[in-house]
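These notes are about the structure you will find just below.
We did not get these values from a lab; they are worked out from the coordinates using the rules stated. None of these values were measured; they are calculated from a predicted model. As a convention, Cβ positions derive from the backbone with ideal geometry for all residues, glycine included, and neighbour counts pool all protein chains shown.
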Amino acid sequence: MSGSRAAIIAIENVHKAYGDLKALNGVSLQICQGECFGLLGPNGAGKTTLLSCIEGLISFQEGRISVDGYEVAHHRRKVKSMLGVQLQDETLFTDLTALEAVQFYGALYNTFPSRAEALALLERFDLAEKRNARIGTLSGGQQKRLTLALAMVHDPAIILLDEPTTGLDPQARHHIWDIVRRLRSEGKTIILTTHYIEEAEILCDRVGIIDRGQILALGAPRELIERMGNLSTVRASLRLPAEKLEQLRAAAYVQSLSSDDGLLSVQTSDPQRVLTLLEEIGKETGTRPQNVSIRQPNLEDVFLSLTGRSLGPVD
Ligand SMILES: Nc1ncnc2c1ncn2[C@@H]1O[C@H](COP(=O)(O)OP(=O)(O)O)[C@@H](O)[C@H]1O
Ligand SMILES: [Mg+2]
């Protein structure tokens, strides 16, 4: 992020509780104009709740949110006009055609697009050839692209996408990524939620890692990974005597190490030196490391180091 960019959304100390459950527990966050910001967190982290608060769809007990200087609680209509919203489980009228849906949504937003304008919108989302297809007959990826198009019907400056690619196959997911990139290059501000590491890393200028209603870390994906020491993981099948394991563990560039049933896993700042040391130890002990792999650190490691848990199963 460039530090000089203006904040277009300011979220200050937002608390949202459902009974005893703190869905949002003091969230503060600024979204900059023109950035693609990712909220990354497991199911139940509070992602949808936070988007719903920004959108003015739900109220919250404490805190403030403003969009382009307008406080959401007091300027719902104005804020709504600036936001394009794709809900997590958006239900579409399956009997409408894609073109009819654009015109229907346009009417809801008081923009009343002409047929040519509606077609142009479908074209931008690679749906022009589906203009007369009933929504119920579209694939999952096409339906997601349509909900994106519908979110853009009033040409908002800010787009909020709640898990835009969940459940899609890789090809459909990449198609959505291309569209998000294009919207960003057109100068739109984008907030998306995801539990896909890759999506956050590839698409987002900055990521907020959210868990149990709290933002645990905030920054560019690379920055977050470097902040936790930029540790790679070296894995190998190798059985070592205890004193050799200790020798490895004592190396300055080894952060942590586990050995489970002959499977060695080393978190390190210098994977090449670990490999060299493993070769040396292997020669001394007459065993060679097998099935060696090196994994670069990613946001999953960041989440793990922050929470002690993995982000959870990815479909
Ligand atoms: N309407 C509601 N009533 C009660 N609890 C809710 C409601 N909406 C969300 N929650 C709870 O708030 C927490 C955050 O939910 P949500 O924001 O949907 O998470 P995410 O989108 O990250 O999966 C979860 O524990 C969820 O069960
Ligand atoms: Mg959600």
Inset, instruction - Would you tally the net charge around G34, using a Cβ to Cβ cut-off of less than 11 Å, leaving G34 out, and scoring K and R as +1, D and E as -1? - result: 0
Inset, instruction - Mind telling me which of I225, I281, I54 comes out most flexible in a GNM of the chain, alpha-carbon contacts under 10 Å? - result: I281
Inset, instruction - Quick one: dipole size for region 231-296, taken about the Cα centre, charges +1 on Lys/Arg Cβ and -1 on Asp/Glu Cβ, in debye to the nearest 20. - result: 160
Inset, instruction - Have a look at the DSSP beta bridges in the chain and tell me what percent are antiparallel, nearest 5. - result: 70
Inset, instruction - With θ set to phi - 60°, apply the Karplus curve 6.51 cos²θ - 1.76 cosθ + 1.60 along region 214-227 and write out the HN-Hα couplings as whole Hz, x wherever there is a Gly or Pro. - result: 10, 7, 8, 7, 8, x, 5, x, 4, 4, 5, 5, 5, 4
Inset, instruction - In a Gaussian network model over the chain where Cα atoms closer than 10 Å are linked, find which of E71, E123, E201 has the largest mean-square fluctuation. - result: E123
Legend entry - Whether region 7-52 is rounded, prolate or oblate, judged on the alpha carbon gyration tensor where a/c under 1.5 counts as rounded: oblate
Inset, instruction - Would you mind telling me which residue in E90, E280, E12 has the biggest mean-square fluctuation in a Gaussian network model of the chain, where springs connect alpha carbons within a distance under 10 angstrom? - result: E280
Inset, instruction - Set Lys and Arg Cβ to +1 and Asp and Glu Cβ to -1, take the dipole of the chain about its Cα centre, and tell me which of A251, G286, L24 lies farthest positive. - result: L24
Legend entry - Distance between modelled label sites at F93 and K22, nm, 7 Å Cα→Cβ extension: 4.3
Inset, instruction - Express in whole angstrom the spacing between the alpha-carbon centres of region 219-246 and region 73-89. - result: 43
Inset, instruction - Pull out the extension gain between A133 and F104, defined as 0.36 nm times the separation in residues minus the alpha carbon to alpha carbon distance; nm, one decimal. - result: 8.9 nm
Legend entry - Nearby aspartates and glutamates by direct alpha-carbon distance to K16 (threshold 12 angstrom, same-chain neighbours under 8 apart not counted): E62
Inset, instruction - Could you run the Karplus curve 6.51 cos²θ - 1.76 cosθ + 1.60 with θ = phi - 60° over region 127-137 and give me ³J(HN,Hα) per residue in whole Hz, x for Gly and Pro? - result: 10, 4, 6, 9, 4, 9, 7, 5, 4, x, 9
Legend entry - Sum of -39500 (n - 2.57) over DSSP H runs of 4+, divided by residues of the chain (222 nm, nearest 500): -10500 deg cm²/dmol
Legend entry - Under 15 Å from K144, Cα to Cα: aspartates and glutamates that are on another chain or at least 8 residues apart: D89, E90, E123, D126, D162, E163, D169, D178
Legend entry - Net charge, A172 excluded, C-beta distance under 10 Å - Lys, Arg +1, Asp, Glu -1: +2
Inset, instruction - Quote the charge dipole size of region 188-315 about the Cα centre in Debye, to the nearest 20; the model charges only the Cβ of Lys and Arg (+1) and of Asp and Glu (-1). - result: 80
Legend entry - Cα centre as origin, Lys/Arg/Asp/Glu Cβ charges: the chain dipole, Debye: 360
Inset, instruction - Please work out whether region 231-296 counts as rounded, prolate or oblate from its C-alpha gyration tensor, where a ≥ b ≥ c are the square roots of the eigenvalues and a/c under 1.5 means rounded, while otherwise a/b larger than b/c means prolate and anything else oblate? - result: rounded
